[in-house]
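Only one structure is covered here, and it is reproduced in the block below.
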Amino acid sequence: MEAQYEWQLKATPTDQDLQAIMAVEALPKAAAQLLWQRGIKTPEAISAFMHPNVGQLHDPYALYDMQTAVDRIQAAVMGGEKITVYGDYDADGITSTALMQETLESLGADVEVYVPNRFKDGYGPNLDVYKQLVENGTQLIVTVDNGVSGLEPIAYAQEHGVDVVVTDHHELPSTLPNATAIIHPRHPEGQYPFSDLCGVGVAFKVATALLEEIPYESLDLVAIGTVCDLVSLTDENRVLVSLGLQQLQNTSRPGLVALCQSAGIEQETLDATSIGFGIGPRLNAIGRLGDANLGVNLLTTFDEEQAVEQAQFVEQQNKKRQGLVQEITALASEMAQTPENQASATLVLAHEGWHEGVLGIVASHIVEQTGKPTLVLAIDLATGQAKGSGRSVEAYHLFKALDAQRTLLTHFGGHHMAVGLTMPVDQLAALQTAMNTYAADNQIDLTTKPTLAVDLQLALADVTPDVYQAISQLAPYGTDNPEPLIEMTVPSVTNVKQIGADQKHLKFTAVDQEAQLAVLAFNRGALYDDLQAVEQLKLVGQLSENTWRGNTTLQLMLKDLQTSGQVLIDQRSNRLTQQLFKASGTYVFFNEKHLAQLQSYIPAGSQAILAADVAQQAELIVVDEPTDLDEFEAFYRQQQATKISFIFYSKYSAYLDGIPGKKQFATFLVYLRQHPGIEKARLGELATYLKIKLPLLIFMLQVFFDLGFVKIECGLISAAEQPEKHALESAPSYQQRLAKIDMEKQLVYSTFAEMKDWLAGFNQ
C-alpha cells in the first residue's frame, strides 16, 4: 500500500531546547517538543499558550472605527430606531447573528434579524433585500460576517437615510463601501494586533465594546463560529475557544443542549473536534438546504420544547445533506474516472439536478480522491447556467486560475483553495481547458503527493495515557495549532473489520509484541483485504480516547498508512466470478485466449495485459495460471508493483488430477488399437467407458500423439501400426504436465504463508 501523502517529519529540538521549555512549564517531553515545533519558545509565549485567559484579549477599541460603530448603535438603541442584523447562512454567520441579536436585545434595542437565503439572496449584502429593508422601516443595518464587498447595496442604504455598520473578516476589496463604520481586524487604516478573527469573533468584540464588559455567556457561540470557520487557533482565538469550550460544556442554551443530544455529543466532554464534526456540520446543513434563520432561532430560544423540535429537524436536515453528498459524490467520482478526465490535470464536473448547497463538500471529496483541482456544478437547463463550487490543492491557486477567465463566468468569488461560481453551460469545456493551461503555464506538478507534517515518531509501546494527556495540554486544536500527528511502525495488525452501514470504514488493532492500539480508518474500507495481508505497516494518525461502558482506552484516528514492502493478496480460486473483477488495477493474463474471453469483465479505468508486457503498474491482479514456474518467475522479476492479487484460475487442475499410471496409458492404447477411427467428438463417452477423467484422457492422447503412437486424420483417432518405442516421460506434453504440477503445487495449492516465503526468495 502506497501512502496518499508525502510524510515530512518536523524538525526536532535539542535536549537543551526541551529543557529550556520544561523549565518554564512542568511539561512532559512530548508536549515540550510540540511547543517548540510550533515556534512557542519564549517564557512569555509558553505561559500565554498554556494558560489562555481573558487578560490576553485585546482592547476592542483597537479595532478601527469601533468608537464610531458603538456611538451609532447606541444612538439607535436610545432613539428606538429599528435595527436589522444582516447575517450569513453558515455556522460562523449563524452564531454571529445570534450573538449580535442577543447583545442588542440586552441593551433594549428594537432589533430584527435577516439571514440571507443561499439560493435566493446569495452571500453578502443583496441590493433587492436592502431595498426591502429600507422600505420596511429599518433605520440601521448591522452586518455580521459579511459586508465589505457590499458596495452597491450599502451605497443605496446610505443614500436613503439608512446607516450601515459593517462587521466582517473576509478579504478586503480594493474599494471599501461607504458605510458608517467598518469593523474589520485587517482594516487598511487600523492596527489591530490580531488579524485572524472570524465573523463571530468580530461580533464579540463589538458586543464587548457595547456592553462595556466581556459577555461571557456568549463565548459558547464564539467557540462554535471560530472553530467552524477554520481561522487560526492562536493568540486571541485560542483564548476565545478555550473559554468558549468551558461555556459550551456547561451551557444552559436549550437549543445547544438539544442539538448535542440529537447529535449524540457528550456535552460534558465536548471539545473542538465535537464542534468541527458534530455541531458545525449540522448548523451548516440548515443553510445548505433551506432557511438558516432556523439556526439563529435554535441558538437563541428559551423554549425547551421548541428547542428539541428544532434540533430534531436540524438532525433530519443533516442526514438529508449527508445523503445528497453521498449520492452526488458517487456520480461525480464515476465522471472523474472517464478516460478524458483521467487524462486531464483538472476536473470540471457538471450535471443536471444536483443540489447546489452541497457541491462544495462534494468537490472536497473529489479532490481528496483524485488530487486534482475540481469544480462541481449543477446545470440549470432552463437558464443555460451552471452553478457550483470548486476546491483545490495547495500547489494550484484556484482563484487566480479562474480570475483570469472572468469572461467565461457570470458570477465568481473565492480564494486560493475554494471558489464559488456561476457560468454558461456552453463554456464548461473552455474553462477546463483554461484551467489545464494555467497548470501547464505555471509548471504546476499535480502528480506530486500533498505533504503531511508529522509531529512525533513513537514506538507503539510508547503510546500511553500519560503521553496522550501530555499532548492534550496543547488543545484546543485547529488551524495553526493542528492536532499532533504521530507516526509509528507496527509489525502486524489483527482484528481487521469493515464497519459502518456501507462497510466503507475500517477498524483494526496495531500490534507490537505486548503493545496494542485500536485504529479507526474512515473511508478506508477498500483496504480490508490489503490489511489482512500486510506484515509490517507504518501509520500516521491522531490519538484520541474511546470510552465504552465506563472503560476508556486510547485509539488512533488514521490519517495515512503505507507498507514497507509489497502487499500480496490471496484470491486464489477455481471459479471466476464478477466479484473478482471489481478492484481497480492492471489485470494480468498468461494465456492470450483467457485475456480475450475475459476482456469484458475488466472494470472501467483498469486494463488487461499479458504477463510478458508487465512494466511499472502499481497494482496487479494475476488472473490465470502460468504454464510453469519459469514463466511465473520471468513475470515476477519484471514487475514493480506495490500490490499483487493472485487468482491463478485454471479450468482443470493438473496437480489434483495428477499423472495417469502406466496401466491406464496401456489400457487406453490397447483400446485405440482395437477400435481404429474413433471420433474426437466422442472422447467424453470414451472417458466414461474407460472410467478415466476426460482431462486425463486428453492428456494421454497428447502424449501418444507426441510420441507417434497415434495419428489423427479428419477428426478420427487411430493407433499407429508400428510406432517407434519411446518412454512416456520423453513426451514434451508429459514434461509440460510435470512442470504444471510443480507450478500448481508451489503457487496454487500451497498455503499462502508458504507461497509468500517462496516469493521472498526473489528479493534476496
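The values are calculated or read from the model by the stated rules, or taken from the named source; none is laboratory data. Please read all numbers here as calculations on a predicted model, not as lab measurements. Cβ: placed from backbone, ideal geometry, glycine included. Neighbour counts: every protein chain shown.
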key: Which numbered condition Tyr477 misses (of (1) touching a Lys or Arg at 6+ places or on another chain (Cβ under 7 Å); (2) within 29 Å of Glu2 (Cα to Cα); (3) of a type in the set (Phe, Trp, Tyr))   = (1)
ask   = Does segment 3-14 contain at least one residue that is under 21 Å from Thr234 (Cα atoms), crowded, with 16+ Cβ neighbours inside 10 Å and of a type in the set (A, V, I, L, M)?
value = no
task = Consider Ile499 carefully, then state whether it is β-branched (Val, Ile, Thr), buried (at least 20 other Cβ atoms within 10 Å of the Cβ) and over 30 Å from Val623 (Cβ atoms).
result = no
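Going through segment 410-426 one residue at a time, which ones are modelled with pLDDT of 95 or more and either closer than 30 Å to Leu554 by Cβ or surrounded by 17 or more Cβ atoms within 10 Å (Cβ to Cβ) (or both)?
Selection gives Met423 alone.
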inquiry  = Please determine whether any residue of segment 513-523 is farther than 25 Å from Ala272 by Cβ and surrounded by 15 or more Cβ atoms within 10 Å (Cβ to Cβ).
reply    = yes
ask   = Scanning segment 290-307 for residues that are under 32 Å from the mean Cα position of the chain (by Cα) and assigned to a helix (DSSP H, G or I), which turns out surrounded by the most Cβ atoms within 10 Å (Cβ to Cβ)?
value = Gly295
remark   = Within segment 718-739, the residues that are in contact (Cβ under 8 Å) with a residue 12 or more places away in the chain, surrounded by 11 or more Cβ atoms within 10 Å (Cβ to Cβ) and either of a type outside the set (A, V, I, L, M) or not assigned by TED's automatic domain parsing to the domain that holds Leu683 (or both) are Ser718, Pro723, His726, Ser730, Pro732, Ser733, Tyr734, Gln736, Arg737
note = Checked pairs for segment 91-114, first on the phi > 0 side of the Ramachandran plot, second not in a loop (DSSP other than H, G, I, E, B), C-beta under 7 Å and 6 or more apart or across chains, list as Gly108/Val77
query = Picking from Phe648, Phe668, which residue would you name as being modelled with pLDDT of 95 or more and either touching a Ser or Thr at 6+ places or on another chain (Cβ under 7 Å) or not in a loop (DSSP other than H, G, I, E, B) (or both)?
reply = Phe648
ask   = Would you pick out the residues in segment 43-92 that are touching a His at 6+ places or on another chain (Cβ under 9 Å) and either over 21 Å from Ile141 (Cα atoms) or of a type in the set (Ser, Thr, Tyr) (or both)?
value = Tyr64
ask   = If Tyr689 satisfies every condition in (1) in a helix (DSSP H, G or I); (2) surrounded by fewer than 18 Cβ atoms within 10 Å (Cβ to Cβ); (3) of a type outside the set (Gly, Ala, Ser); (4) within 60 Å of the chain's Cα centre (by Cα) but one, which is the exception?
value = (4)
key: Hits in segment 563-615 - residues which are acidic (Asp, Glu) and free of Cβ contacts under 8 Å to residues at least 12 places away in the same chain   = Asp613
message = It is to be established whether one or more residues within segment 471-491 are farther than 29 Å from Tyr528 by Cβ, of a type in the set (A, V, I, L, M, F, W, C) and either buried (at least 19 other Cβ atoms within 10 Å of the Cβ) or in the same structural domain as Leu349 (by TED's automatic domain parsing) (or both).
response = yes
query = For the subset of segment 612-634 comprising residues that are part of a loop (DSSP other than H, G, I, E, B) and in contact with an Asp or Glu (Cβ under 8 Å, 6 or more places away or on another chain), which member is surrounded by the most Cβ atoms within 10 Å (Cβ to Cβ)?
reply = Glu625
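Does segment 635-645 hold any residues that are in a helix (DSSP H, G or I) and either under 31 Å from the mean Cα position of the chain (by Cα) or surrounded by fewer than 18 Cβ atoms within 10 Å (Cβ to Cβ) (or both), and which are they? So that I can check it myself, show each step before the final result.
So the first thing to find is which residues in segment 635-645 are in a helix (DSSP H, G or I), and the list is 635-638.
Listed by number, the residues that qualify are Arg637, Gln638.
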Subset of segment 119-140 (residues that are surrounded by 17 or more Cβ atoms within 10 Å (Cβ to Cβ) and under 14 Å from Glu81 (Cα atoms)) = Leu133, Val134, Thr138, Gln139, Leu140
query = Would you pick out the residues in segment 489-547 that are among the acidic types (Asp, Glu) and without any contact (Cβ under 8 Å) to a residue 40 or more places away in the chain?
reply = Asp502
request  = Could you list all residues from segment 141-169 that are under 14 Å from Val70 (Cα atoms) and buried (at least 23 other Cβ atoms within 10 Å of the Cβ)?
outcome  = Ile141, Val142, Thr143, Val164, Val165, Val166, Thr167
task = Looking for whichever is under 30 Å from Gln566 (Cβ atoms) and not small (Gly, Ala, Ser) here; the options are Phe668, Phe648. Which one fits?
result = Phe648
ask   = Which of the residues belonging to segment 66-118 are surrounded by fewer than 17 Cβ atoms within 10 Å (Cβ to Cβ), modelled with pLDDT of 95 or more and either under 21 Å from Pro281 (Cα atoms) or of a type in the set (Val, Ile, Thr) (or both)?
value = Thr68
ask   = Do we find that Glu25 is in contact (Cβ under 8 Å) with a residue 12 or more places away in the chain, over 14 Å from Asn481 (Cα atoms), surrounded by fewer than 18 Cβ atoms within 10 Å (Cβ to Cβ) and charged (D, E, K, R) in this structure?
value = yes
